[in-house]
Amino acid sequence: MTVRIGAEEEFHVLDAESGRLVPRAGLLLERLGTKGFSSELQQSAVESNSEVHDTLDGLYADLSGTRSRLAAEAAAEGLAVVAAGTVPLARVTPRDVTADPRFRRMAEEYRRVADEQLICSAQVHADVPDRDTAVRAMCLVSPWLPPLLALSASSPYWLGSDTGYASWRTMLWQRWPTAGPAGCYRDAAEYDAAVAELIGSGVISDSGMLYQDVRPSARQRTLELRIGDACPRAETVVLIAGLFRALVRDACHRLERGADPRCDGHHEWLRAAGWRAARSGLEGPLVDPWTRRAAPAHLVLRRMLHRLRPALEASGDFATVRDLLDETLAAGSAADRLRRTVREADLPTGIDLLVTETRGGRLPARAGARRPRPQAAARHAGGRSRTPLHPVVAPGTPG
């Protein structure tokens, strides 16, 4: 079975000179057009939608091309774009909500939560055979999602200060009423009934406001990963996409063999594992999905790679994912790279780093870190693509 993948990436719009977040996404969208791009809740963010790909090579080429185009169009207007969970310099104001009736209703209902939605994420879609499989697979993949969050962590700064977290975006995102672990359901009918009940409660207005870590797409036959920060380096998105595709392939294989997800109903540890990943990134412990005990991030991720090797090899992804993981662990998380740069220079230099990485610039690994194997993704060119992924979620869904 070919499991195709696609990605949605969100980008902050900055003033190129000051490095501050600015509500000028509309101007950028006028230059870009609407094919493959859309607005977000806040006027300071733009979303891009990749096409669907069979290969990680194709996904990388797609994401890199989109980032190059975004950077060029932004520069023409004195702007810059950054793919990260948060940017260090921003202001909170209710005046910068995008002029869309749905967004305006959300801003009025959720107030400060919506005002502080100055965050960006990266979402990955992977093919599933049908909606029932997507719903049942959520339970099998959920324990392995916090390590993917740790790989993406890129948001240590908020409103000019270091929060102490690798992903402060996660802490802001968790305030939405439907954010967090997805839960387990017998089939799509049970899941859809739960969604209808949530909408009926009036707490959310539509299914586009289901902000769980993973969910079945409402419009595509895919399972959608939503737990991670936007990633400064496109290679990180490709790494996460490769691991997520392997998780989905593995889950589908287990379900085909009649495996019972055997959910014990105790999701407290999953929420705790997500918090741990947001706090530590790659530079501290994670909760090992096998033992539910603290373990070094590099150990958890290498165990994950070993567990998923058959699924990665089935997709032809193992060598690429292995090499990308080696490089990522050597270089450190984006959050750590940003902090190191700020310590060695200053906050504006850190913002320059985010801009540079977003448009494809490369950085040296940490001093003394083991050199990784040659990176497969650096050689990516081309790749097959099929039906455009856009649109995937309800238009304008934040996060």
### Task
Compute the distance in nm between two label points, each set 7 Å from the Cα along the Cα-to-Cβ direction, one at residue 343 and one at residue 206.
4.5 nm
### Task
Just tell me, in residue order, which DSSP H segments of the chain are both 27 angstrom or longer along the helix axis (alpha-carbon based) and at least 1.0 in mean Kyte-Doolittle hydropathy.
none
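What full-extension length gain, to one decimal in nm, is calculated for residue 298 and residue 199 as 0.36 nm per residue of separation minus the Cα-Cα distance?
Details: separation 99, 0.36 × 99 = 35.64 nm, distance 4.01 nm.
Difference between extended and current length: 31.6 nm.
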### Query
What number, in percent, do you get for the relative contact order of segment 28-95 if the mean sequence gap of Cα pairs under 8 Å and at least 6 apart is divided by its residue count?
22 percent
### Summary
With a Förster distance of 30 angstrom and the Cβ-Cβ distance between residue 219 and residue 20, calculated FRET efficiency to the nearest 0.05 equals 0.30
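Taking a ≥ b ≥ c as the square roots of the eigenvalues of the Cα gyration tensor of segment 193-301, is the shape rounded (a/c under 1.5), prolate (a/b larger than b/c) or oblate? Each step should come with its number before you reach the end.
Values: a/c = 1.43, a/b = 1.36, b/c = 1.05.
Taking the square roots of the gyration eigenvalues as a ≥ b ≥ c, segment 193-301 is rounded.
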### Task
Give me the Kirkwood hydrodynamic radius of the chain, using the inverse of the mean 1/r over all pairs of distinct Cα atoms, in Å to one decimal.
20.8 Å
#### Entry: Calculated [θ] (222 nm, deg cm²/dmol) that DSSP helices of n ≥ 4 give over the chain, each run adding -39,500 (n - 2.57)
-13000 deg cm²/dmol
### Query
For residue 93 and residue 75 in one chain, what is 0.36 nm times their gap in residues minus the Cα-Cα distance, to one decimal in nm?
4.0 nm
### Query
To the nearest 10 square angstrom, how much accessible area does residue 187 have with a 1.4 angstrom probe?
60 Å²
### Summary
Everything considered on the Cα gyration tensor (a ≥ b ≥ c; rounded for a/c under 1.5, else prolate if a/b is larger than b/c, else oblate), segment 30-142 must be described as oblate
### Query
Of 155, 18, which has the most accessible area with a 1.4 Å probe, and how do the rest follow in descending order?
18, 155
### Task
Find the cysteines in the chain that fail to meet the 4.7 Å Cβ criterion with every other cysteine, and list them.
120, 231, 252
### Task
Would you mind classifying segment 58-98 by shape? Square roots of the alpha carbon gyration tensor eigenvalues, ordered a ≥ b ≥ c; an a/c under 1.5 is rounded, otherwise it is prolate if a/b is larger than b/c and oblate if not.
prolate
### Query
Quick one: if you stick a label point 7 Å off each Cα along the C-beta vector at residue 68 and residue 319, how many nm between them?
2.4 nm
### Query
If amide H atoms are built 1.01 Å from N in the plane of the peptide, which residues on other chains or at least 5 residues away come under 5 Å of the amide H of residue 55?
384
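The values are calculated or read from the model by the stated rules, or taken from the named source; none is laboratory data. Computed from a predicted structure; not experimentally measured. So basically every Cβ, Gly included, is an ideal-geometry build from the backbone, and we count neighbours across all protein chains shown. These accessible areas exclude ligands, DNA and RNA; they are computed on the full protein's heavy atoms, side chains included. Shrake-Rupley method; radii C 1.70, N 1.55, O 1.52, S 1.80 Å.
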